[in-house]
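Taking it in order: structure first as structure tokens, then the write-up.
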Amino acid sequence: MHDHSSTSGRFRRATTLIRSLVTYHPGLFAISMAGAMVFAVCTVGSSWLLRWIIDEVIIRRFDTNTFSISQTLTAVGLLIGLSLIRACGVIVRRSFAGRAQWRTAQSLTDEVVDVLVKQPPQWHRRQSTGELLTRAGVDVEASVAVMAPLPYASSVILMMAIAAVGLISTDTALGLAATAVFPALIGLNVLYQRRVDKWFDIAQGELGLLSAAVHESFEGVTVVKAFGAENRETERLAIIASRVQNARVEAIRLRSLFEAALDFVPNVTNICLVVGGAFRVRSGDLSVGELASFIYMFTLLVFPLRLIGYALSEMPRSQAGFDRIQSLRRSPIFDDPRSLFTHGSSSLVLDSVSIGYDDTNILFRNVSISFSARSFTAIVGYTGSGKSTFVESLAGITPIFSGSVSTKDQLTSFVFQEPFLFGTSVRDNVCLGSNFSDEEVEWALRIAEADFVQGLPQGFDTIIGERGVGLSGGQRQRIALARAVIRRPSVLILDDTTSALDPNTEVKVLRNIKSGLPGSTVIAVASRPSLIGMADQIMFFDQGSIYGPTTHVELLIQNVSYRSLMQAYEEPQEFEDDSL
Amino acid sequence: MTTPRVAGTLETLSRGVHAVPSLRQGIGFTLLLAMIGASGRVVVPVVIQQAIDHGLQRSIRGSAQTVDVALVVKMCLGAAIYLVIASIAQRTAVSRLGQRSESALFDLRVKLFQHIHQLSLEDHNDEQRGSLVARVTSDVETLSQFFSWGGLAFLLNGALMIIVAGVMLVYDWSLALLVILISAPLVYVLRRVQARLIAAYDGSRLANADLLGNTAELVTGAETLHAYSAGAIFGVRVKKSSKIRGDKQTKATLIGALLFPSGEIFGAIAVSAVVFVGLWRGSSSGLTAGALVGFIFLTYRFLEPIAELTEVLDQTQTAVSGMRRILGILSIPAGPPPAEFPIEIGDQPLDIKMNNVTFFYRPRDGEVRDENSAVLSRINCVIQFGTQVAVVGETGSGKTTLGRLLSRFSDPTSGMISIGGVPLNRIDNEALREMLVVVPQEPFLFSDTIAANLRFVLPQASDQILIDAFTNVDLQDWFETLPLGLDMLVGQRGSQLSAGERQLVALVRASLINPSILILDEATSSVDASTEVRLTRALDKLSRGRTTISIAHRLSTAARADRVLVLDSGLLVQDGSHDELVGAPGVYSEMYKSWESSHNTSD
Ligand SMILES: Nc1ncnc2c1ncn2[C@@H]1O[C@H](COP(=O)(O)OP(=O)(O)O)[C@@H](O)[C@H]1O
Ligand SMILES: Nc1ncnc2c1ncn2[C@@H]1O[C@H](COP(=O)(O)OP(=O)(O)O)[C@@H](O)[C@H]1O
Ligand SMILES: [Mg+2]
Ligand SMILES: [Mg+2]
């Protein structure tokens, strides 16, 4: 208790946590609290009832040695009646506390989901998948864990207050001594929380790291297997897991001490009360019966206090989880690059645009290009020359640094270089939740030459595995293509999305697109001469510069680098020959 | 009593203990300590009762009371000393149990890591990644929560109940029997409700896994969802599963809430019965008021643990269904099974032999396995060591699958593959991985530096070795363009690199091992032709005296190979050198024609 400011800071944090959690579903929580209060009143009531039974029924029975059936039945009836009311209180308390807890979890998850949906790709790329999943999973569960025991804890406090009054009114001196144990126990709790917090924070943090590392390790299971690294990976993860374990063990050490003290203090108090009571009885201030019921009332009330430990023990974990969700929620929402696109008359226009990832990594500066409607542009360049970055900027996936982009309408479809498929049906992967008719889906699959879909057991309603694992690379690419064309976009951007198709199919797909979407402007990153041959104009990316758009022949004549790249495509044999 | 489908709580727990034997270590001594600790809680009320009965002479109301303060103090002092001992014993028991269970859970986690890494790719594909992760994180957490609260409560309260029951019997055996008889049906009620509780908790854990799986898609597919403005729609789906999880959990807590007061009500009935019978018997049977009062409080003491146990029953059920899911994963056999009696290859040339190899993927829901669904059918072929082989065929013809079989990611459904005369399933896994490496089309990089990704395969490699590796495959030019060199962070799944650059890093990574057999599965599909030509030329040089199997996306690769295998719908339809095949009518010459025309830019 030396560090008072940190204790009160902790207390403030705890009340803030509880207040924020309760505000989600105050009604449910209030009902649960009402149940808890009924429970508290009945608990105290039953200890009074018991005292009455001892004093007025049992002692009288044995003193007078007469058995009164009516009195006995009253006693028994009251006992059972009160416990029924108490049981109802418990049912209300627990069921509504549970409901409040899980409805709050639902609200928290929804908030996390809202952030995940609102944040654009440039934010997502900086996050670790595993950590984000921890926010939505483990952290949400941890945050609300404190809610279930909260009404119970409040009812215990109410019970203590009533009991204190009762004990003091029976015998002021003994009563004061007995009630002193309540704040002592709470102080003990606070002390414990302060020491144990650190370890819970560490454990929760390490658990987040573990979760992220495990996610990555399972995600890379092919690499792990390919290099026989199963044991090494297990060892690496085991190190993180052992850090979780160590923090937990420290917490358990503290807890075992606390648990023992929590039992020891009231028991010792109890013993002291007997000794003190003996003196009070000798001096005639207290009758034996009064002492006995005093002590029994104390025991009955002090033990629920033990369970308050359950409530408070969740606090640090909840706090850590909630704080991390809050920081996710408070992180500024990045601008959606598309929201900065302006409206223009031409289909897609770049006006002195700079493209890149950060100030030190700007790939292109001051690019001004206008893509005219219905044109077909091929983009060619060396690996890492910025083709994907460029087309992603056109599609509003990667933000631009300066300049402006204008589009006629916002109807742009983009197909990623490595398509992502969801673990749902083929249809759902194509529609992505929008309403398209069966005919439209069939049409889109036909344009993408995805005839293999008919061979799947349930046609386009077949569920494909997570990330489309049950399909070959070319099959995945074609489903991703169908997804793009079904929207009949005015601008269709393809990032080398036909690389896994054989050249025949690739040419067919592009012909289909030209005839099926005659109004669309097509911009395609191309890695095969056939595609280059089909384009109206070529853009060539080389060492931070963009050449074109112009024609293939023009580039061949003017650009040495382009010429040598084309040679590599067209005459592979020659290279082999000069190596010999 | 329990639904037949799910294993009961006790069975699950005992299977759990079986899976993690370290949980049992030293449990006997811990139990003993817990008993001593729990007895402390009984000692106090008993001593108090005795002190009041003997030290403070009960008397007729109104008359004087004799008080033997010395006796009271003596008894209380004795109780206090015992209490200290009991507290120390309890503390030790709690701490031992906690440490033991944490270290057992650590063992369990490690076992799970190991096991999940050994599961076949098909099993990995069948399980959602998110829920596999949940197995080692949140499911193990439920156990940890249980052991630090619920398990402890069971231990201490179980001990307490036994001790109190014993004391009660000594006090007044007939009243004791009455209490026990009345409480017995409670066990039945608890078990009945518990069966429903188990089902409810299984449902909610399932809903939870669903929620995590959906969230995982929202996170991993974020770019795609953004590109198609479908984030909101998929967000609504996650919210739906979040609502379902909420519903299931609410239902489970409602059942729990109904369960809890049953202990309470039985307690009231038991106490009422004690009061009634005690009053009825009166002092004729030697009962005193003090003894009856004492007995009433012993009854409360006896039932108190039940309240505490029902308090942790929710947690117990959560832990049991967590344990069940963990056992479910552990019961999936490792795939392909590791060689039990590995055979050393010795000095044999590492020829690859495929004998009638047929392969089916695990059928999808509603799919029946017939001849046509074979992904590879009766492949027969021998590849001499040191040959450069190209495998070509349309997308979906089974090329990647062939690579997976050769590298033993799966075993053929029928037929056999051998290397150097030893069947693949008899080669030690580590030896196989040193001998043979596959570089896939979409390589996986860890979110770390380039150096760390390379050291993944060769942990002790010095920086110089890593840099040399780039030079060896003629990528020094590209390497020099990286501002941070080896220390460059590649981002999640390598996302800070371009797709082609990821493939380059993966190739360098594979070249570090210098395997005898290298399988390139369209490993340069996103690399520009000029870099690819330089790279493969360098690889060819390195691969003198090595078998390279290139699954080719450019027929130029096939043209350079010693031998070309042509796959068509899972059948090996042609096999020969490029020159032989181009001339002959068949799939290959068709492919080559279209390839040639596609490499003619004039449309
Ligand atoms: N998310 C990113 N953050 C920082 N740099 C990136 C990121 N993605 C790609 N880069 C870098 O930008 C350059 C261009 O990449 P990219 O546009 O993908 O090339 P490509 O022409 O092969 O498609 C590469 O050097 C790559 O390392
Ligand atoms: N994990 C899987 N489960 C079920 N079917 C699969 C799986 N992986 C691939 N397939 C199917 O097997 C066939 C061959 O696929 P693959 O070997 O990847 O072809 P390729 O590499 O020649 O393009 C395809 O029809 C594909 O749909
Ligand atoms: Mg790219
Ligand atoms: Mg393939």
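What the table below lists for this structure:
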read-out	value
Cβ neighbours within 10 Å from other chains - mean over B:141-147	3
Mean separation of Cα contacts under 8 Å, 6 or more apart, over the residue count of chain B: relative contact order %	14
Between region A:13-62 and region A:416-475, the alpha-carbon center distance in angstrom	58
Accessible surface of region B:479-586 [probe 1.4 Å, protein heavy atoms]: carbon and sulfur percent	48
Around B:Glu522: net Lys/Arg minus Asp/Glu count, Cβ-Cβ under 12 Å	-2
Relative contact order (%) - region A:115-268, alpha-carbon pairs under 8 angstrom, separation at least six	30
Radius of gyration and Dmax over the Cα atoms of region B:225-372, both given in Å	32.2, 100
At R0 = 30 Å, FRET efficiency that the Cβ-Cβ distance of A:His343 and A:Lys118 yields, to 0.05	0.85
Per residue accessible area of chain A, 1.4 Å probe, in Å²	37
For B:Thr30, net neighbour charge (Lys/Arg +1, Asp/Glu -1) across residues whose Cβ lies under 13 Å away	+4
Total formal charge among the other residues, if their Cβ is under 11 angstrom from that of B:Met488, Lys/Arg +1 and Asp/Glu -1	-3
Neighbouring partner chain Cβ atoms per residue of A:204-213, average, 10 Å criterion	2
Rounded to the nearest 10 Å², the accessible area of A:Arg99 at probe 1.4 Å	100
Cα centroid separation - region A:136-179 against region B:442-498, whole Å	59
Probe 1.4 Å - accessible area at B:Ile27, Å² to nearest ten	60
Eligible aspartates and glutamates near A:Lys198 by straight Cα distance, threshold 13 Å, same-chain separation 8 or greater	A:Glu206, A:Glu250
Size-normalised alpha-carbon gyration radius of chain B, reference 2.2 N^0.38 Å	1.43
Which of A:Arg487, B:Arg426 is most accessible, then next, and so on - probe 1.4 Å	B:Arg426, A:Arg487
Using distinct alpha-carbon pairs, which all enter the 1/r mean, Kirkwood radius of the protein assembly as shown in Å	34.2
For region A:282-292, Karplus couplings with θ = phi - 60° (6.51, -1.76, 1.60), whole Hz, Gly/Pro x	4, 7, x, 7, 9, 8, 4, x, 4, 4, 4
Solvent-accessible area of B:His578 with every protein chain in place, 1.4 Å probe, in Å² to the nearest 10	20
Gyration tensor (Cα) of region B:69-108, equivalent ellipsoid semi-axes in angstrom	38, 4, 4
Antiparallel DSSP beta bridges within the protein assembly as shown, as percent of all bridges there, nearest 5	50
Projected label distance in nm at B:Gln50 and B:Val73, using a 7 Å step from Cα toward the beta-carbon	1.9
Rg(Cα)/(2.2 N^0.38 Å) for region A:163-279, N = residue count	1.83
Lysine pairs with alpha-carbon atoms under 27 Å apart, chain B, spacing 8 or more or separate chains	9
Ranked order, B:Met161, A:Met539, B:Met416 - accessible area, probe 1.4 Å, largest first	B:Met416, B:Met161, A:Met539
Average beta-carbon neighbours from other chains, 10 Å sphere, peptide B:117-123	4
Two-decimal Rg/Rh across chain A, once Rg and the Kirkwood Rh are taken from alpha-carbon atoms	1.20
Dimensions in Å of region A:457-580 - Rg and Dmax from alpha carbons	17.4, 53
Label-point separation, B:Ser14 to B:Gln348 (7 Å along Cα→Cβ), nm	4.7
Heavy-atom accessible area, 1.4 Å probe, ligands and nucleic acids excluded: residues of region A:79-94 down by at least 30 Å² from chain alone	A:Leu79, A:Ile80, A:Ser83, A:Arg86, A:Ala87, A:Val90, A:Ile91, A:Arg94
Candidate residues B:Ile85, A:Ile308: accessible-area rank, largest first, probe 1.4 Å	B:Ile85, A:Ile308
Folded to 0 to 90 degrees: helix B:313-330 orientation relative to chain B principal axis, Cα	30
Label-point separation, A:Phe67 to A:Ser8 (7 Å along Cα→Cβ), nm	6.4
Occluded residues from region A:483-515, i.e. those whose accessible area drops by 10 Å² or more once the chain is not alone (1.4 Å probe)	A:Arg483, A:Arg487, A:Asp496, A:Ser499, A:Ala500, A:Asp502, A:Pro503, A:Asn504, A:Arg511
FRET E, pair B:Lys541, B:Phe385, Förster distance 22 Å, beta-carbon r, rounded to 0.05	0.80
Antiparallel bridges, percent of DSSP beta bridges restricted to chain B (to nearest 5)	55
Segment A:Thr172-A:Ser331, extension gain: residue separation times 0.36 nm, minus the distance between their alpha carbons	51.6 nm
Cα long-axis angle, helix B:529-542 against chain B (0 to 90 degrees, to the nearest 10)	90
Where a label projected 7 Å from the Cα of A:Ser515 along Cα→Cβ would reach, residues of region A:473-492 with amide N under 17 Å	none
Crossing angle, helix A:473-485 versus chain A [Cα axis fit, 0-90 degrees, rounded to tens]	90
Cα-Cα separations in region B:515-577 greater than 20 Å, expressed as whole percent	26
Packing-based ranking, highest mean first, of A:427-435, B:485-493 given that Cβ atoms within 10 Å are counted	A:427-435, B:485-493
Förster radius 56 Å - calculated FRET efficiency between B:Tyr188 and A:Ala161, Cβ distance, rounded to 0.05	0.90
Chain A: relative contact order in percent, alpha carbon pairs under 8 Å with at least 6 residues between	13
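The values are calculated or read from the model by the stated rules, or taken from the named source; none is laboratory data. Please read these numbers as outputs of a predicted model, since none were measured by experiment. Backbone-built Cβ (ideal geometry, glycine too); neighbour counts: all protein chains shown. Just the protein is used for accessible areas: all its heavy atoms, side chains included, with ligands, DNA and RNA removed. Shrake-Rupley method; radii C 1.70, N 1.55, O 1.52, S 1.80 Å.
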